[in-house]
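Contents: one structure, followed by commentary.
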Amino acid sequence: MLNEFVYCPRLFYYEQVEGIFVESADTERGSAIHERVDRGKGALPPQARKKRKSEVKGAAVEVSEVSMESVSETEETDLADLKTHRPEASADGGETIHSRSAMLSSERLGVVAKMDLIEVKMAGRSEGDLFGRYEAQSVTPVDYKVGAPRRSTEGNELWDADRMQLGLQILILRDNGYACDEGVIYYRATKQRVRLIMTPEIERWIVGKIEEARALTLSPEIPPPLVNSPKCVRCSLAPVCLPDETRMLGHDSAWESKRGAATEPSGSTRSTANEAPRRLIATRDEERALYLNTQGYRVGLKPERLIIHDGESLVDEVRLIDVSHVALFGNVQISTQAVRELCEQEIPVAYFSLGGWFYGLTRGHGLKNVHTRIQQFTAAGNPVRCLEVAQSIVRAKIRNHRTMLMRLHTEAPTPTIVGLKEIAARVSDARGLDELLGMEGAAAALYFQQFAGLIKVGGDEEDDEIPGLESVPEADARRHTAAAKEFTFDFTRRRRRPPTDPVNALLSLSYSLLAKDCTIAAFAVGFDPYVGFYHQPRHGRPALALDLMEEFRPLVAESAVLTAINNRMITPSHFVRAGNAVNLSPIGRKAFFHAYEQRMNSLITHPIFDYKVSYRRVIELQARLLAKWLTGEIPEYVPMTTR
């Protein structure tokens, strides 16, 4: 960890203080390469007797045996390829052995180190001393790095982070009574060994960095991100850190200019190349959500796979590596073994009623940090801060509704467009959450009065054939015709609990799915999803997830509904009625899941950061920006508004 502090104090804070670690190709490759080394027993011979015990400050291992592994320096091309030999006698009668994966500590420095490899030069013993023991005359730590050394005019040099790691190993070995004056780092990319000779100056530098790191672990403030650093490009925590985005929103004047331009949905707000932050996050996740909607399905576990059965027949096998989360609707059973494995791999399991009511989540321990949640609880108890972020959220939602009408309505009514603009302008004047709720309700009423104009199918299109019905059996065709007469996509107003028409049924299900995704995003960032700012805490309600989803209701949920209807992915035959309630059939739910996931995985150019990411990425990005506002890294929360 201390080498990471030298590399980037912010990275050290995330991993050491907040307990965040994200795997990447580099970390996976490093783990695989070190697998042979980590299997070592870590035993070291006793230090030479001439070393006074008063100099030994502490040891973390008790030596019981010596690993008698030796290799010549010319043979060493990879730690994983090191050969095991019998100890070879040197010219002075001593031997050189190797100890792998040795764990030692220093009470003086207050640190612990696990060392890849230690070359131990053994002290010779007299020919007649058959009962003499092996003793270490000197030791040299050897660490292994995948990359290349730093080039300078004086030749190859160690990087500062490598110097910290190797120098600390030398000091720990000294504190445990071993004679150690130098260490070696083997760089695999160039197959070169670079030595570090310990000097008083290097020792003082290392001790100073230890004290700085220890002070940082006690600080509630995270260090600022690096400025346009090439280190960020391959950092696995870049999607969490968001270095360029944080600096842009916190300090750069570019945000102020883009903020003014983004007030209206029309017009270009593209920044110049030198203003736009680098896209250090993937555009979309490779994993996909697993929706299980068929009643009676059973989910079990095989090595690295989920298996899905319907009775005794196997329906499908899904690799865990391909799953982002699992959504279970109605009476779908999942085994304890499968739940345990999903928790271990941090894959949430979401539970819904058959009608789509979101009940909750099962997940692993996840993030262990509490600093973000402390700031969340503090802000939630402050009416001024609650109102501040609530105003930003409501203003963004109203602007996105206005943009939807201007883009998609067959004939956008001017009074509604003007009315939404006026309400959005008055949001900043709200003196409390109750007044803000009234403004949001008034804007929603205006919007849903015109929502029918966004639906592009209707009864006047008698000559249009529904795709897939051209060659269906006569009985099925009659059923589709009957369904078309009973269910239409006519929309007059928003109705819920229960939805009484197909459009409201789709909206309710879509909002439920969006609440699920916002809850998962809140957990991923480290929030408590039940403590919100605009939506006040209430038993069983994920208030913060509802806060996050407000700006995405038109962008994701309502857009998915319109796409499903207008593209004939959902037809009247996909609905059933139970009393006054209208719900989707199992086939209809499956079709809508496809439409919803299609929307979540579609790419959008972020209006502020000017790079393309999926909506699922944007939701997590907004949750992280909210966390950075709470911790004081950025002055205000910047919601997502489309152009």
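Each reported figure results from applying straightforward, stated rules to the coordinates on display, with no laboratory input. The structure presented is a predicted model; accordingly, all values stated were derived computationally and were not measured. We place every Cβ from the backbone using ideal geometry, glycine too, and count neighbours over all the protein chains shown.
Under the convention that each Lys and Arg Cβ holds +1 and each Asp and Glu Cβ holds -1, the size of the dipole of the range 288-362 around its Cα centre is about 100 debye.
Could you tell me which of rounded, prolate or oblate describes the range 160-216, using a ≥ b ≥ c as the square roots of the eigenvalues of the alpha-carbon gyration tensor, with rounded for a/c under 1.5 and, failing that, prolate when a/b is larger than b/c and oblate otherwise? Write out the running numbers ahead of the final one.
Details: a/c = 2.24, a/b = 1.35, b/c = 1.66.
Taking the square roots of the gyration eigenvalues as a ≥ b ≥ c, the range 160-216 is oblate.
Database remark: amide H of Gly360 closer than 5 angstrom to the amide H of Tyr351 (H placed geometrically; neighbours at sequence offset of 5 or more, or on other chains; Pro and chain starts carry no H). Approximating the spin labels as points 7 Å out from Cα along Cα→Cβ, the Thr362-to-Asp490 distance works out to 4.5 nm.
Multiplying the residue separation of Thr414 and Val318 by 0.36 nm and removing their Cα-Cα distance gives an extension gain of 29.5 nm.
Maximal additional length on extending the Asn580-Val22 stretch stands at 196.1 nm, based on 0.36 nm per residue less the C-alpha distance.
For the range 498-622, just say rounded, prolate or oblate: build the C-alpha gyration tensor, square-root its eigenvalues into a ≥ b ≥ c, call rounded for a/c under 1.5, and beyond that prolate if a/b exceeds b/c, oblate if not.
Details: a/c = 2.56, a/b = 1.34, b/c = 1.91.
The shape class here is oblate.
When the listed pairs Lys397/Lys516; Lys456/Lys612; Lys145/Lys191; Lys114/Lys231 are checked against a 21 Å cut-off, the alpha-carbon distance exceeds it for Lys456/Lys612; Lys114/Lys231. Extension gain for Arg497 to Asp434 (0.36 nm times residue separation, less C-alpha to C-alpha distance): 20.4 nm. Answer rounded, prolate or oblate for the range 288-362, using the Cα gyration tensor with square roots of eigenvalues a ≥ b ≥ c: rounded when a/c is under 1.5, else prolate when a/b is larger than b/c, else oblate. Because a/c hits 1.5 or more and a/b fails to exceed b/c, the range 288-362 counts as oblate.
Spin-label model, Thr217 to Ala445: label points 7 Å out along the Cα-to-beta-carbon direction sit 5.8 nm apart.
For a Förster distance of 22 Å, can you work out the FRET efficiency between the beta-carbons of Ala189 and Asp160, rounded to the nearest 0.05?
For Ala189 and Asp160, the calculated efficiency is 0.75.
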